[in-house]
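Okay, structure first, notes after.
The values are calculated or read from the model by the stated rules, or taken from the named source; none is laboratory data. Note that this is a predicted model, so its numbers are computed, not measured. Here Cβ is always computed from backbone atoms with ideal geometry, including for glycine, and neighbour counts include all displayed protein chains. For the accessible areas, the whole protein counts, side chains as well, though only heavy atoms, and no ligand, DNA or RNA atoms are used. Shrake-Rupley method; radii C 1.70, N 1.55, O 1.52, S 1.80 Å.
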Amino acid sequence: MIALRAWVNRWRRRAWRLLFFRVLFGEQSGGQGLPGTRISPSTCIEHEDQLLLADAVFIGHFNFIEASAGVTIGRGTQVTNFVSIVSHSTHRAVRVAAELSGAELGAAVIRAPITIGERCFIGPHSTIEAGTVLGDGTLVAAHSRVRGQFPDFAVLAGSPARVVGDVREGDARWLRGLRGG
């Protein structure tokens, strides 16, 4: 009986992976076909009509994208797994405005568009917050909390994230190694 259960579990896992975790090429955004873009079926997207993707974007497993104020993701960007991209936040409104001051809840809501440039890399377990602008080629380290405007080719890390380097320096070393120099 245990052997049968193990066999059923193995096939169940294979079928689940085949049906639900296959990331296939071909999406659509802003009325345009994106043949090189892939989004995992386990990614949750709220307000998809406000999400504007370029082609060749990869969005991995178990991400949350809340795009009510607008989210733009540039060509060739990779969003790994377990990333949150949120264009609004009520954390201050719920805690401060409603409970402590009695102020109108909507006055304390943070709502702003997010722009992620081309060829960026967003590491796992990171959060991109409302109003963030990431320049082209930006690398966001795992577990970073990102809010603000950042230049092209920045390496961001921390909570809150700050610029800790420039990807061109690491890329130059890597390219020299490929050339044997």
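The table below gives the values:
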quantity: Solvent accessible area, Å² - HIS143, 1.4 Å probe, full protein context; calculated: 120 Å²
quantity: For the range 53-64, 3J(HN,Hα) per residue [Karplus equation, 6.51 cos²θ - 1.76 cosθ + 1.60, θ = phi - 60°, Hz, x = Gly/Pro]; calculated: 10, 8, 7, 6, 8, 10, 10, x, 7, 6, 9, 10
quantity: By accessible area with a 1.4 Å probe, ligands and nucleic acids excluded, highest first: order of THR80, THR37; calculated: THR80, THR37
quantity: With all protein chains modelled, accessible area of HIS125 [1.4 Å, Å²]; calculated: 90 Å²
quantity: Potential extension, TRP7-SER84 segment - 0.36 nm per residue separation minus Cα distance; calculated: 24.1 nm
quantity: Largest-first ordering by accessible area, 1.4 Å probe, given options PHE82, PHE25, PHE150, PHE64; calculated: PHE25, PHE82, PHE64, PHE150
quantity: Area of ASP171 that stays accessible when all protein chains are in place (1.4 Å probe, Å², to 10); calculated: 80 Å²
quantity: Residue-normalised accessible area of the chain, expressed per residue, 1.4 Å probe, Å²; calculated: 59 Å²
quantity: Normalised contact order of the chain, rounded percent, pairs of Cα under 8 Å and 6 or more residues apart; calculated: 12 percent
quantity: Paramagnetic reach from ALA142 (point 7 Å along Cα→Cβ, amide N under 11 Å) across the range 113-129; calculated: 123-126
quantity: C-alpha center-to-center spacing [the range 1-16, the range 151-165] in angstrom; calculated: 45 Å
quantity: Protein-only accessible surface order, largest first, of LEU34, LEU52, LEU18 at 1.4 Å; calculated: LEU18, LEU52, LEU34
quantity: ³J(HN,Hα) computed for each position of the range 137-146 - Karplus, 6.51 cos²θ - 1.76 cosθ + 1.60, integer Hz, glycine/proline x; calculated: x, 6, 10, 9, 5, 4, 6, 8, 10, 10
quantity: Zero-based 10 Å bins, Cα pair distances in the chain, whole percents; calculated: 10, 30, 28, 18, 10, 3, 0
quantity: Shape of the range 120-180, Cα gyration tensor, a/c cut at 1.5; calculated: prolate
